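Please read the structure below before turning to the comments.
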Amino acid sequence: MKNLEILFLQANLVWENPVQNRENFEKKILTRGKGCDLIVLPETFTTGFPVDPAPFAENIDGESMQWLHRMAAQTGAVITGSLLLKAASAYFNALIWMHPDGTYKRYNKRHVFSMGGEHERIKAGNHQLLVEINGWKIKPMVCYDLRFPVWSKNRYQNETFEYDLAVYVANWPAVRTYPWDILLKARAIENQAFVLGVNRVGTDGLGNNYNGHSKLIDAKGKVLSEAPESKEAAIRMSLSEKDLREFREKFNVGRDWDTFEIIK
């Protein structure tokens, strides 16, 4: 298990314009992404949130999936972010975990935002996703999932932590910045894991303002890197396997965690 090289992109999404958003991200990815292990984009990175999925939701072999494959292949990195996908008559806010060889895994957002009407258009997922890069175990989630500690909870079995890094991709409005900042730290501390939250900036087509606050936090709750407020940023960081291992060895709360089962 070596250090994990991450690039995360805080961007001003162009409202309901997949072509322009892909072009904007492509420039940043090809400039900063080579040599990375993982590149992280915000939630609904092709359109912004919330939008009517009908005009924008793609098939699983659509243009954005092909683009993700191309970006992963050109950089040699896993690329992740969420976009609107359709299957039969259902729509999903789907996080894609794209490998350079074109294989991928998918996580359908579990906690759709009912107060914003997302539940009326988007079908909620019911399966968690755990993935691995170079020995790092990673749990990716989407935006509103951050508010649900049981869904985010790490597990400890046979002297092993279920994950080392939690990733939240988001369109989290500026009006709720305080809980975003606090909950990201809480998830890191309570799960003894690194946490990365990647949010957007700018104003969407409905007048909602986003100020970013994308950040990487260590297992002690310390902010290692944070994007500048309300500005686009491409931040590259290396996660230390040694730091995480030594902290867990010295202060292993995992041994005392409650065991539990999520009933879907």
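The values are calculated or read from the model by the stated rules, or taken from the named source; none is laboratory data. Just so we're clear, the structure is a prediction, and the values are computed from it rather than from any experiment. Using ideal geometry, Cβ is built from the backbone for each residue, glycine included, and neighbour counts are taken over all protein chains shown.
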Could you go through the stretch 89-96 and let me know if any residue there is hydrophobic (A, V, I, L, M, F, W, C) and over 18 Å from the mean Cα position of the chain (by Cα). yes
Complete set of residues in the stretch 205-222 that are surrounded by fewer than 22 Cβ atoms within 10 Å (Cβ to Cβ) and closer than 20 Å to ALA11 by Cα: GLY205, LEU206, GLY207, ASN208, ASN209, ASN211
Is there any pair linking a residue in the stretch 1-14 that is over 22 Å from THR47 (Cβ atoms) and buried (at least 22 other Cβ atoms within 10 Å of the Cβ) to one that is among the hydrophobic types (A, V, I, L, M, F, W, C) and modelled with pLDDT of 95 or more, with Cβ under 6 Å and at least six apart or on different chains, and which? LEU4/TRP136; LEU4/LEU239; ILE6/LEU38; ILE6/MET237
Pairing a residue in the stretch 87-103 that is modelled with pLDDT of 95 or more with any residue that is aromatic (Phe, Trp, Tyr) and part of a strand (DSSP E or B), where Cβ atoms lie under 9 Å and the two sit 6 or more apart in sequence or on different chains, gives ALA94/TYR107; LEU95/TYR107; ILE96/TYR104; ILE96/TYR107; TRP97/TYR104; TRP97/TYR107; MET98/TYR104
Just give me the residues in the stretch 23-50 being without any contact (Cβ under 8 Å) to a residue 60 or more places away in the chain and surrounded by fewer than 22 Cβ atoms within 10 Å (Cβ to Cβ), in sequence order. GLU23, ASN24, GLU26, LYS27, LEU30, LYS34, GLY35
So, in the stretch 163-209, how many residues would count as being free of Cβ contacts under 8 Å to residues at least 12 places away in the same chain and not in a loop (DSSP other than H, G, I, E, B)? 4
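Let me confirm something: among LYS105, LYS109, which residue is crowded, with 23+ Cβ neighbours inside 10 Å, under 15 Å from the mean Cα position of the chain (by Cα) and among the basic types (Lys, Arg)? Walk me through it before giving the result.
Details: LYS105 fails: crowded, with 23+ Cβ neighbours inside 10 Å.
Answer to the selection: LYS109.
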